[in-house]
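Working notes, beginning with the structure itself.
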Amino acid sequence: MSAFRSVPRTGVIYVMTEAARHGYRPSDAAWANLGQGQPEAGPLPGAPPRIESVPVFSQDVEYAPVPGIWELREAVAGHYNRLYRRGMPSQYSAENVCISSGGRVALARAAASLGEINLGHFLPDYTAYEELLSVFRLFSPIPILLDPDRGYGFSLRELEREIAGRGLSALLFSNPCNPTGKTLFGDELAGWCGVARRLDCALLIDEFYSHYIWNDAAFDGPPVSSAARFVEDVESDPVIIFDGLTKNWRYPGFRVAWTLGPSSVINAMSSAGSFLDGGGSRPLQRAAIPLLEDENVLAETSALRHVFRRKRDVALRALTSMGVHVDREPEGTFYVWGDVRDLPPPLNTGMGLFRRLLDERVICVPGEFFDVNPGRRRAQHKRRFGTHVRFSFGPEEAAVMAGLDRLSRLVASGG
């Protein structure tokens, strides 16, 4: 129909659609999904019991408030205050929290609330940012290319130069980064928050992987990382945090996420939510409240760190032994970002490896999808990261091992 445009699929959706054409079904144990963007969601040793049923009360048939039910907003604020802000005079309240039906909805609300500004974003980063940054036309997305040879590092001096030189009013990024695993910790993250405060540049920080931290020496306190620790005044610091149950609590199907920031930003996002999505589910929001209790958070995080750290180390050893070059060992997330340029053809490009692995019933995500290119303003033949691949160790360990074994045999056979 002429009234509708062709809407591109995000990288993972494209990958899963192609896999389905090759016979993939989520329930088929014969497949190893190393493209998986969600963590294994079943019981883990030492983790709290999983929620298996959610009560529905008579009032649940009514709409929930667009910014979320008050009790959950209070629970989220209390979670951050207890974990990151003990003894600090400025504390988050429910008015600093907006609940949404998943991270993409939270980011869409934020994007819809931005004015006519320059918004910086890094390359590579989360594939869904591409279409998100294309749909809302008031702001101008400005790409900032990170160097693989430097491990995707970006200094405070470079940050200041980009903000001032490009006139950035906001900067969107994931921390830990999806796909590279590069993570801002401690003094470095504090420095970023300080630069944002001084230059009045809003940091829009996707912290959905902030409990998947692998560098124990990089921070003190709880085994999690958040910019909330380095906010001086919750009402004036331009730091907006996105998180939710999807990754850190391993409940992707609940579609419960939140945004934390100054109440003026939360009010704007709530207004945007009133016309974008109308708010989330009451029963699932209510079910999220006990998950934010300290005992639950620390037990769940400890359990996932134990299980996923082991899978991370297995994946790193296996991939490097095959000849996959890792620009930077992941400090966070459950991904390994690998360069396959030294593998035999056609395995030496991300798309070539992806398509060949489908024949082996293994899924991965080609790196070119993380070259975020809003509005396709750059020529497609200039897409970067063509020899990179994102390998997930999110599935259960047996599936991760099966996928790596099949990849190893494929490489050994010459492709």
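The values are calculated or read from the model by the stated rules, or taken from the named source; none is laboratory data. If you're wondering where the values come from, they're calculated on a predicted model, not measured in any experiment. Using ideal geometry, Cβ is built from the backbone for each residue, glycine included, and neighbour counts are taken over all protein chains shown.
Just a yes or no: is a residue in the range 205-224 among the acidic types (Asp, Glu), farther than 27 Å from ASN296 by Cα and part of a loop (DSSP other than H, G, I, E, B)?
Quick first cut of the range 205-224, residues among the acidic types (Asp, Glu) only: 206-207, 216, 220.
If we keep only those that are farther than 27 Å from ASN296 by Cα too, we end up with none.
No - not one qualifying residue is present in the range 205-224.
Could you go through the range 263-278 and let me know if any residue there is of a type in the set (Phe, Trp, Tyr) and either touching a helix residue (DSSP H, G or I) at 6+ places or on another chain (Cβ under 8 Å) or in the same structural domain as ARG198 (by TED's automatic domain parsing) (or both). Taking every residue of the range 263-278 in turn, at least one turns out to be of a type in the set (Phe, Trp, Tyr) and either touching a helix residue (DSSP H, G or I) at 6+ places or on another chain (Cβ under 8 Å) or in the same structural domain as ARG198 (by TED's automatic domain parsing) (or both).
A quick yes/no check of all residues on (1) assigned to a helix (DSSP H, G or I); (2) not assigned by TED's automatic domain parsing to the domain that holds ASN267:
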position	(1), (2)
ALA3	no, yes
GLY23	no, yes
GLU40	no, yes
VAL54	no, yes
PRO65	no, no
GLY68	no, no
ALA75	yes, no
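Among the numbered criteria (1) in contact with a Lys or Arg (Cβ under 9 Å, 6 or more places away or on another chain); (2) basic (Lys, Arg); (3) closer than 19 Å to ASP243 by Cα, which one does ARG328 miss? Evaluating ARG328 over (1) in contact with a Lys or Arg (Cβ under 9 Å, 6 or more places away or on another chain); (2) basic (Lys, Arg); (3) closer than 19 Å to ASP243 by Cα leaves (3) as the failure. The residue that is surrounded by the most Cβ atoms within 10 Å (Cβ to Cβ), among those in the range 55-113 that are closer than 21 Å to ASN296 by Cα, free of Cβ contacts under 8 Å to residues at least 60 places away in the same chain and among the hydrophobic types (A, V, I, L, M, F, W, C), is ALA94. Put simply, of GLU158, GLU162 the only residue that is in contact (Cβ under 8 Å) with a residue 40 or more places away in the chain, over 26 Å from ALA272 (Cα atoms) and among the charged types (D, E, K, R) is GLU162.
Figure legend. Inter-residue proximity from the range 272-298: first residues free of Cβ contacts under 8 Å to residues at least 40 places away in the same chain, second residues assigned to a helix (DSSP H, G or I) and of a type outside the set (Phe, Trp, Tyr), beta-carbon distance below 8 Å, spacing 6+ or different chains. Indicated pairs: PRO290/ASN296.
Pick from the range 25-38 the residues that are in a loop (DSSP other than H, G, I, E, B) and buried (at least 23 other Cβ atoms within 10 Å of the Cβ): which of them is farthest from the chain's Cα centre (by Cα)?
Quick first cut of the range 25-38, residues in a loop (DSSP other than H, G, I, E, B) only: 25-31, 34-38.
Filter once more, keeping what is buried (at least 23 other Cβ atoms within 10 Å of the Cβ): 34-37.
Working: LEU34: 16, GLY35: 14, GLN36: 13, GLY37: 9 Å.
Result: LEU34.
Go over the candidates ALA257, ALA315, ALA303 one by one and state the one that is assigned by TED's automatic domain parsing to the domain that holds GLY35, touching a Gly at 6+ places or on another chain (Cβ under 7 Å) and in contact (Cβ under 8 Å) with a residue 24 or more places away in the chain. It is ALA303. Please tell me if SER236 is closer than 27 Å to LEU159 by Cβ, among the hydroxyl-bearing types (Ser, Thr, Tyr) and assigned to a loop (DSSP other than H, G, I, E, B). Spelling it out, SER236 is indeed closer than 27 Å to LEU159 by Cβ, among the hydroxyl-bearing types (Ser, Thr, Tyr) and assigned to a loop (DSSP other than H, G, I, E, B).
Within the range 353-377, the residues that satisfy the criterion of being at pLDDT below 90 and either over 16 Å from LEU146 (Cβ atoms) or assigned by TED's automatic domain parsing to the domain that holds SER140 (or both) are PRO374, GLY375, ARG376, ARG377.
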